[in-house]
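To keep things clear, I will list the structure first and then write my remarks on it.
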Amino acid sequence: MAFSTNRLFKYQRGMRRRIGMLRAKNVDSMEFAVDFMMQERVDSYFRIEPALEEVERSLGQIEDELDRVRDVSGASRLESRLEFVEDRWDELDSEIRERPRRRRRKINLADFLKTAGGDGSPAGTSGEVNNAYDAYQLLGLEFGTPLTDVTTAFRQRAKELHPDARNGDRSSEPELRRILEAYQFLKEYLSLSNTEPPISRGDYRPTE
């Protein structure tokens, strides 16, 4: 699903703001590490320093790719990458400052797709979801539920199905793959649009 010009501009502006904020935080973390870790934790410093430099390189790569994003799927994948880098920075900064982590790691759609046997992209899904009504049903939601509630339902269900929450049992992966596909389908309908999903023939909800 392609972006409108206005939505693309807003997406790029928001991503650049996040990149700029994280870049400034990363510089501050490096300065703090130099000032305090070099004195008492020099071994840890020499391990932390290249990791912070990798964060900066990753931000540069994301910033370069931002200009090439033209559709919702590409935007979703790039945002997932930025979330991963944000989470990695927080892990490093927590170690530098010897504090508990502040960020709560978000569910990464690409990581879940890989866990479920896909390749980290929408093309890696099974192609079973063809309309919004089916997607809502798979997530146990009423047709027309807004994206914020869709995301909440998806994250809760995905956590329940993830092998880590089932003592390594991977038997739930087919169901995990289906709800991932349903979530991706609804996200393309709703995440960057001010309108509800159009009701087509495939979306028709039968009366009981």
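The values are calculated or read from the model by the stated rules, or taken from the named source; none is laboratory data. Just so it is clear, the structure is predicted and the values come from calculations on it, not from any experiment. Cβ coordinates were reconstructed from backbone atoms using ideal geometry, including for glycine residues, and neighbour counts include every protein chain displayed. Areas reflect the complete protein model, heavy atoms only, side chains present, ligands, DNA and RNA absent. Shrake-Rupley method; radii C 1.70, N 1.55, O 1.52, S 1.80 Å.
Mind checking which residues of the stretch 130-167 are small (Gly, Ala, Ser) and either open to solvent by 80 Å² or more (accessible area, probe 1.4 Å) or under 22 Å from Ser73 (Cβ atoms) (or both)?
Of everything in the stretch 130-167, those that are small (Gly, Ala, Ser) and either open to solvent by 80 Å² or more (accessible area, probe 1.4 Å) or under 22 Å from Ser73 (Cβ atoms) (or both) turn out to be Ala132, Ala135, Ala153, Ala158.
In the stretch 21-54, how many are among the small types (Gly, Ala, Ser) and either open to solvent by 70 Å² or more (accessible area, probe 1.4 Å) or modelled with pLDDT of 90 or more (or both)?
Result for the stretch 21-54: 3.
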Selection within the stretch 41-69 - of a type in the set (A, V, I, L, M) and in a helix (DSSP H, G or I): Val42, Ile48, Ala51, Leu52, Val55, Leu59, Ile62, Leu66
Qualifying positions in the stretch 55-66 - farther than 11 Å from Leu92 by Cα and open to solvent by less than 80 Å² (accessible area, probe 1.4 Å): Glu56, Ser58, Leu59, Gly60, Ile62, Glu63, Glu65, Leu66
Contacts under 8 angstrom Cβ, first residue in the stretch 1-30 being among the basic types (Lys, Arg), partner surrounded by 12 or more Cβ atoms within 10 Å (Cβ to Cβ) and at pLDDT below 85, 6 or more apart: Arg7/Leu192; Arg7/Ser193
Verdict on Leu78 being under 30 Å from Lys187 (Cα atoms), at pLDDT 90 or above and not β-branched (Val, Ile, Thr): no
Unique residue being open to solvent by 60 Å² or more (accessible area, probe 1.4 Å) and modelled with pLDDT of 75 or more when the list is Arg101, Arg177, Arg105, Arg170: Arg177
Qualifying positions in the stretch 3-53 - of a type in the set (D, E, K, R) and under 29 Å from Lys187 (Cβ atoms): Arg7, Lys10, Arg13, Arg16, Arg17, Arg18, Arg23, Lys25
Search result, residues across the stretch 20-54 that are more than 14 Å from Arg88 (Cβ to Cβ), under 20 Å from the mean Cα position of the chain (by Cα) and aliphatic (A, V, I, L, M): Met21
Filter result (crowded, with 18+ Cβ neighbours inside 10 Å and either charged (D, E, K, R) or at pLDDT 80 or above (or both)) within the stretch 180-197: Leu180, Glu181, Ala182, Tyr183, Gln184, Phe185, Leu186, Lys187, Glu188
